[in-house]
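Just below is one structure, and these are the notes that go with it.
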Amino acid sequence: MSTHNTINPSLSGSQSVSINKVLKNTYMLLGMTLVFSAITAAVSVFVGISQMMALGSMIAAFVMLFVVHKTADSSKGLLAIFVFTGLMGLSLGPMLSRYLALESGPQLVMQALGGTGIIFFALSGYALVSKKDFSFLGGFLMVGLLVVIVAAIANIFFAVPAVSLALSSAIIFIMSGLILFDTSRIIHGGETNYIRATVSLYLNIYNIFVHLLSILGVMDD
């Protein structure tokens, strides 16, 4: 079988080679940013940054998200994405510290990491092997995100634990769908910039980990 058309037989040889390159660069950069994010999260826990500092890191990360997208077509985008993912890792410090302080905390964190890895590799692998076009999920997933955001804002005032659990479950479901959607976009030529592709997949993984850890914490309690 020709290696030029392993991604999508309907594409030309040059297109398939280009898509394979984007895919390879995306997974390589994704791996490096996840490791870097884990390092900054560990530093955040070790130093013991405050909740206010974590919030500041999160706000700065969202600002950097716009910078990443603006500079994604240049070498500056690589620096920007590491700053972004580093800040995202720092923002996890207080949350991880709370869980690690529990008797079963370290096990919960490892279970969340393992579960996140299984979800990502299973879904991304399925999209790669099946070569299905999941672009039809886009509208449904965007509507789902809007509903979850509105519900999350409302729950800030009502603080109903059952709603929080349902929201975490919904977010994991939506992010799982986005993994299929984003991977599909790459292999079908819809996303040709590996920096933007990396950011999308990173955010999916990040949100799955955070909310899976939340669900495991509730179940453990």
(message) Relative contact order of the range 88-221, please, whole-number percent, based on alpha carbon pairs below 8 angstrom and at least 6 residues apart.
(response) 36 percent
(message) Within the chain, what whole-number % of the accessible surface is contributed by carbon and sulfur, with the 1.4 Å probe and all protein chains included in the calculation?
(response) 74 percent
(message) For the range 9-84, what does the relative contact order come out to in percent, with C-alpha contacts under 8 Å and a separation of six or more?
(response) 24 percent
(message) Test of understanding: in a Gaussian network model of the chain with alpha carbons linked when under 10 Å, which of Y206, Y99, Y194 would top the mean-square fluctuation ranking?
(response) Y99
(request) Apply the membrane-span-like helix rule to the chain: whole DSSP H runs, Cα extent along the own long axis of at least 27 Å, mean Kyte-Doolittle hydropathy at least 0.0. List the helices found. (result) 13-47, 51-71, 105-130, 137-158, 161-187, 194-220
(message) Given the options M53, L145, P94, identify the residue whose Cα lies farthest towards the positive end of the charge dipole of the chain (+1 on Cβ of Lys, Arg; -1 on Cβ of Asp, Glu).
(response) L145
(message) At a 10 angstrom cut-off on C-beta neighbours, averaged per residue, how do the peptides 34-41, 146-153, 67-74 rank from highest to lowest?
(response) 34-41, 67-74, 146-153
(message) For the range 50-97, take the convex hull of the Cα atoms, compute a quarter of its surface area, and give me that in nm², please.
(response) 2.9 nm²
(request) Report, in cubic angstrom per residue, the convex hull volume of the C-alpha atoms of the range 115-221. (result) 95 Å³
(message) Give the aspartates and glutamates whose C-alpha is closer than 13 Å to that of K21, dropping any in the same chain fewer than 8 places away, or say none.
(response) E191
(request) Compute the FRET efficiency between F66 and Q111 as 1/(1 + (r/R0)^6), taking r as their Cβ-Cβ distance and R0 = 22 Å, and round to the nearest 0.05. (result) 0.05
(request) Largest first and in whole Å, give the semi-axes of the range 171-221's equivalent ellipsoid, each being the square root of 5 times a Cα gyration tensor eigenvalue. (result) 27, 10, 5
(request) Set the Förster radius R0 to 25 Å, insert the Cβ-Cβ distance between S18 and A38 as r into 1/(1 + (r/R0)^6), and round the FRET efficiency to 0.05. (result) 0.25
(request) Would you mind getting me the FRET efficiency between N193 and A151? Use the beta-carbon distance for r and R0 = 45 Å, nearest 0.05. (result) 0.90
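The values are calculated or read from the model by the stated rules, or taken from the named source; none is laboratory data. In this text the structure is predicted, and so the values were computed from the model without any measurement. For neighbour counting, all protein chains shown are included, and Cβ atoms are generated from backbone atoms with ideal geometry for every residue, glycine included. The protein model used for the area step is the full one, side chains on, heavy atoms only, and it has no ligands, DNA or RNA in it. Shrake-Rupley method; radii C 1.70, N 1.55, O 1.52, S 1.80 Å.
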